[in-house]
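Trainee: Pasting a structure below so you can have a look.
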């Protein structure tokens with residue numbers, strides 16, 4: 001079995017041609033025998049010329065039609081048409097030869113019987129060879145899979161899998177009752193209820209969900225049904241993401257959290273998404289970050305006249321500039337891209353950039369957002385998140401920017417950590433500026449958009465869990481009750497762009513994040529859909545352990561999106577406008593001056609006190625966690641030589 005598989009393609013073609021040279025004449029003899037109720041030397045002599053000429057006529061025709069070029073393991077029903085056409089041509093040629101060389105004539109029935117018999121032989125021999133080769137290749141470690149979805153996408157996928165050496169489709173699963181027990185591309189169709197028995201019978205290791213036209217909610221229902229089977233699940237992307245609508249092996253991907261959330265993205269309002277961008281000069285701070293870079297990708301598709309990238313990370317700025325330049329080329333756009341390596345704290349430079357290049361819209365995404373890191377480095381967190389926002393906002397007003405959008409977070413709502421309190425502080429600054437401007441000449445329109453965790457951002461739990469599952473565990477979870485909202489980065493960025501067009505001044509927009517997700521449920525589902533089980537008292541045979549390591553400094557169990565209940569809808573179904581408590585600029589300015597002085601003096605106690613006074617809802621969940629401050633509290637007093 002294996003030596004045959006190791007033969008070269010040329011040798012396999014020679015074997016196929018040799019078999020036809022021998023068996024086609026035998027098939028013709030069978031036709032003679034059936035027509036004349038027997039076979040004798042006289043009949044062999046009468047038809048001798050045709051028997052001899054048959055392979056000389058048929059083989060060249062088969063070669064010309066590509067019958068021997070087809071890879072037997074991956075043939076499908078289309079080969080039947082080739083066989084019928086090829087055999088028909090050979091029979092016509094054979095009949096013509098008989099007409100010109102035989103005066104006594106031949107029985108026409110012999111040609112008819114041979115035509116049917118030859119089609120059956122050639123077709124059956126190819127499909128029998130395919131079955132043999134597929135079974136033989138299974139010995140070499142091909143993964144046996146079931147395909148969920150017996151429609152066009154499933155059939156395309158089955159053909160694509162047969163063209164490779166990695167997967168062997170052994171069953172179709174489909175919920176349509178009329179397809180039950182049917183055979184498609186040589187593979188039997190079963191119902192989902194049969195899956196437990198099918199797994200035991202066929203021993204397949206993966207289920208490939210080939211239903212790209214499903215909505216996210218429908219897909220989630222199927223994944224919910226498949227999860228208890230503890231078989232690895234892979235899915236296909238939406239139909240609009242497929243090249244030419246054709247499903248390929250490389251389109252199959254791992255289950256992502258967005259598949260588990262069941263959220264169908266709302267189509268963007270083209271008027272809203274382009275209002276602050278098209279034919280305008282746009283600046284994005286933090287352009288190299290996860291949110292900032294996605295904003296840039298979507299902004300460039302709306303054809304601004306100029307896109308300015310502001311980023312303090314050299315590599316981050318280089319990476320996003322190169323990506324956007326390539327995106328421009330692929331889309332056939334000519335947009336001026338200007339990368340600036342700078343901190344948002346450089347007010348004068350930000351002002352010069354905005355004035356020089358006539359910036360009309362600013363998306364302020366630059367921020368430190370990793371909760372434990374900011375908790376351990378609170379002064380830097382305050383400088384970047386609070387004074388960075390103050391700096392860019394002042395520059396925008398000085399340069400006459402029309403629209404300024406702050407990317408905020410759900411952690412700004414009743415914050416329990418420094419990061420959340422700094423983002424709420426930034427919101428208060430923009431709200432105060434909006435009220436001051438309403439009485440003055442400056443016309444910069446400030447608004448902020450608040451949302452929860454975005455999938456795939458730096459620090460996201462999903463890629464961490466996937467990495468830990470691939471390593472065999474354990475999965476590290478801070479607390480069994482921890483709950484979070486989730487949204488994809490593209491969806492969040494898209495909603496930010498639309499919300500920016502609806503701002504009237506000082507607006508706090510809140511994105512509808514759907515239902516909150518318990519992280520332990522997410523971790524368990526990811527394990528199950530990877531074909532594994534969680535190790536616990538109820539499942540002692542599980543292979544993946546989940547360890548609870550405790551809440552990190554400043555981390556809270558539940559995130560919220562609203563401080564109060566005063567919220568109203570907007571013209572977009574997933575965007576709400578919240579009415580939050582504000583602090584007048586005359587009061588806030590004094591607090592900012594004191595906070596700046598406390599930061600300059602590294603007076604962490606005063607910093608904590610000022611955050612508590614400014615952000616009324618701030619309730620720290622831990623003490624001061626700054627590394628230097630904590631280390632100094634354990635150093636000996638001056639003149640004390642005792643080691644502690």
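All of the numbers you see were taken from the coordinates with simple rules; none came from a lab. Quick caveat, the model's predicted, so the values are computed rather than measured. Neighbour counts are summed over all protein chains in view; Cβ atoms, including those assigned to glycine, are modelled from backbone coordinates with ideal geometry.
Trainee: Considering only C-alpha atoms, what is the centroid distance from the range 309-328 to the range 483-504, in Å?
Mentor: First find each Cα centre; the distance between them is then 22 Å.
Trainee: When DSSP beta bridges are limited to those with both residues in the chain, what percentage is antiparallel, rounded to the nearest 5? Walk me through the numbers on the way to the answer.
Mentor: Values: 14 of 68 bridges.
Among the beta bridges of the chain, antiparallel pairing accounts for roughly 20 percent.
Trainee: Give me the one-decimal nm value for the distance between modelled label points at residue 182 and residue 21, 7 Å along each residue's Cα-to-Cβ direction.
Mentor: Once both label points are built, they end up 4.3 nm from each other.
Trainee: Follow-up question, since we're still on this one. How much length would be gained if the chain were fully extended between residue 543 and residue 567, taking 0.36 nm per residue of separation minus their Cα-Cα distance, in nm to one decimal? Let's see the in-between values first.
Mentor: Working: separation 24, 0.36 × 24 = 8.64 nm, distance 4.61 nm.
4.0 nm is the gain from fully extending residue 543 to residue 567.
Trainee: Given contacts defined as C-alpha pairs under 8 Å and at least six residues apart, what's the relative contact order of the chain, whole-number percent?
Mentor: On the way: 1086 pairs, mean separation 64.9, N = 644.
Worked out over the chain, it gives 10 percent.
Trainee: Once the piece of chain linking residue 352 and residue 609 is laid out straight, how much longer is it, given 0.36 nm per residue of separation minus the C-alpha distance between them? List each step's numbers first, then the result.
Mentor: Values: separation 257, 0.36 × 257 = 92.52 nm, distance 3.51 nm.
Contour length minus the Cα-Cα distance gives 89.0 nm.
Trainee: Round to the nearest 0.05 the FRET efficiency obtained for residue 45 and residue 143 when R0 = 51 Å and r is the Cβ-Cβ distance.
Mentor: Working: r = 56 Å, r/R0 = 1.10.
The value I calculate is 0.35.
Trainee: Only Cα pairs under 8 Å and at least 6 apart count here; give the relative contact order of the range 304-436 as a rounded whole percent. It would help to have the intermediate numbers written out before the result.
Mentor: Values: 177 pairs, mean separation 31.7, N = 133.
So the answer I get is 24 percent.
Trainee: Report the FRET efficiency, 1/(1 + (r/R0)^6), for residue 470 and residue 88, where r is their Cβ-Cβ distance and R0 is 60 Å, rounded to 0.05. Please list the in-between numbers first.
Mentor: Numbers: r = 54 Å, r/R0 = 0.91.
The computed FRET efficiency comes out at 0.65.
Trainee: Compute the angle between helix 78-101 and the longest alpha-carbon principal axis of the chain, please, reported from 0 to 90 degrees and rounded to the nearest 10.
Mentor: Between the helix axis and the principal axis of the chain, the angle is about 20 degrees.
Trainee: In addition: If you find the alpha carbon centre of the range 10-38 and of the range 163-242, how far apart are they in angstrom?
Mentor: Cα centres, the range 10-38 to the range 163-242: 41 Å.
Trainee: Further question: What nm value, rounded to one decimal, do you get for the distance between residue 628 and residue 436 when each label is placed 7 Å out toward the C-beta?
Mentor: 2.9 nm
Trainee: Let me ask something additional. Can you tell me how much longer the chain between residue 596 and residue 581 gets when fully stretched, taken as 0.36 nm per residue apart minus their C-alpha distance, in nm with one decimal?
Mentor: Here the segment from residue 596 to residue 581 would lengthen by 3.1 nm.
Trainee: Starting from the 7 Å offset along Cα-to-Cβ, what nm value, one decimal, do you get for the label separation of residue 479 and residue 63?
Mentor: 7.7 nm
Trainee: Averaging the inverse of every distinct alpha carbon separation and then flipping it gives the Kirkwood radius. What is it for the range 339-458, in angstrom units?
Mentor: On the way: mean 1/r = 0.0682 Å⁻¹.
14.7 Å is the Kirkwood radius here.
Trainee: Using r as the Cβ-Cβ distance of residue 80 and residue 101, and R0 as 30 Å, what FRET efficiency do you calculate, to the nearest 0.05?
Mentor: Working: r = 32 Å, r/R0 = 1.05.
After rounding, the FRET efficiency stands at 0.40.
Trainee: Given contacts defined as C-alpha pairs under 8 Å and at least six residues apart, what's the relative contact order of the range 266-353, whole-number percent? Mind showing how you got there, number by number?
Mentor: Values: 122 pairs, mean separation 24.5, N = 88.
Relative CO of the range 266-353 lands at 28 percent.
Trainee: In deg cm²/dmol and to the nearest 500, what is the mean residue ellipticity at 222 nm of the chain if only DSSP H runs of at least 4 residues count, each as -39500 (n - 2.57), divided by the residue total?
Mentor: Numbers: 24 runs with 300 residues, N = 644.
Rounded to the nearest 500, the figure is -14500 deg cm²/dmol.
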